[in-house]
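Inspection log for the structure reproduced underneath, given as structure tokens.
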Amino acid sequence: MLSRSIAAFDAWFLADQPENSRAAKAADIAAILHEQGCGMISVSKNLRQAYRRASSLLSEGDRLVVFGSFHTVAAILPLIEKDRRKEQRG
């Protein structure tokens, strides 16, 4: 899946998931991306930090794609919802 996705994204925000024993190490994924010529790769200590880093760089019209396992997406969805509520109040 990773090799087919590389060209579709401008930046990669990766994080370790120590609570998920099946998750790949962020550093291992970063090495693969680097070998494939990806320039913008950020490795964070956890998913929350990776999401916050990515969100802070978004501009009008940008898209943030969260993928991996159900564990990954489930961890990020509450953060997205929290940000949406802030924007609505805003």
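The numbers here are math on the coordinates, done by the rules we state, and not lab data. All figures in this text were calculated on a predicted structure; none of them were measured in a lab. Quick reminder, even Gly has a Cβ in these numbers, built from the backbone with ideal geometry, and neighbours come from all protein chains shown.
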Would you work out the charge dipole size for the stretch 2-89 about its Cα centre, treating the Cβ of every Lys and Arg as +1 and the Cβ of every Asp and Glu as -1, and quote it to the nearest 20 debye?
360 debye
3J(HN,Hα) from dihedral phi, the stretch 19-26, Karplus parametrisation 6.51/-1.76/1.60, rounded to Hz, x for glycine, proline
7, 10, 5, 8, 6, 6, 6, 4
Counting only trypsin sites (Lys or Arg not before Pro) that sit in a DSSP loop (anything but H, G, I, E, B) with at most 10 other Cβ atoms within 10 Å, what is the longest stretch of the chain containing none of them?
23-62
Zone of A27 (label point 7 Å along Cα→Cβ, backbone N under 12 Å): which residues in the stretch 1-19?
16
Taking the simple approach of a point 7 Å from Cα along Cα-to-Cβ for both S55 and F70, what is their distance in nm?
2.4 nm
With DSSP loop assignment and no more than 10 other C-beta atoms within 10 Å, the GluC sites (Glu not before Pro) in the chain are E19, E60
Based on the Cβ-Cβ distance from E19 to S42, what FRET efficiency comes out when R0 is 25 Å, to the nearest 0.05?
0.75
Short version: ³J(HN,Hα) in whole Hz for each residue of the stretch 81-86, in order, from phi by Karplus 6.51 cos²θ - 1.76 cosθ + 1.60 (θ = phi - 60°), x for Gly and Pro, what are they?
4, 4, 5, 4, 5, 4
Residues whose placed amide H lies under 5 Å from that of S44, excluding near-sequence neighbours:
L14, A15, D16
Taking chymotrypsin sites (Phe, Trp or Tyr not before Pro) as candidate sites, keep only those in a DSSP loop with at most 15 other Cβ atoms within 10 Å, then name the longest stretch of the chain containing none of them.
10-66
If every Lys and Arg gets +1 and every Asp and Glu gets -1 at its Cβ, then about the Cα centre the stretch 4-46 yields a dipole, in debye to the nearest 20, of 80 debye
Give the angle, between 0 and 90 degrees and rounded to the nearest 10, that separates the Cα long axis of helix 47-57 from the longest principal axis of the Cα atoms of the chain.
70 degrees
Extending each Cα 7 Å along its Cβ direction at D62 and A7, get the distance between those two points in nm, one decimal.
2.3 nm
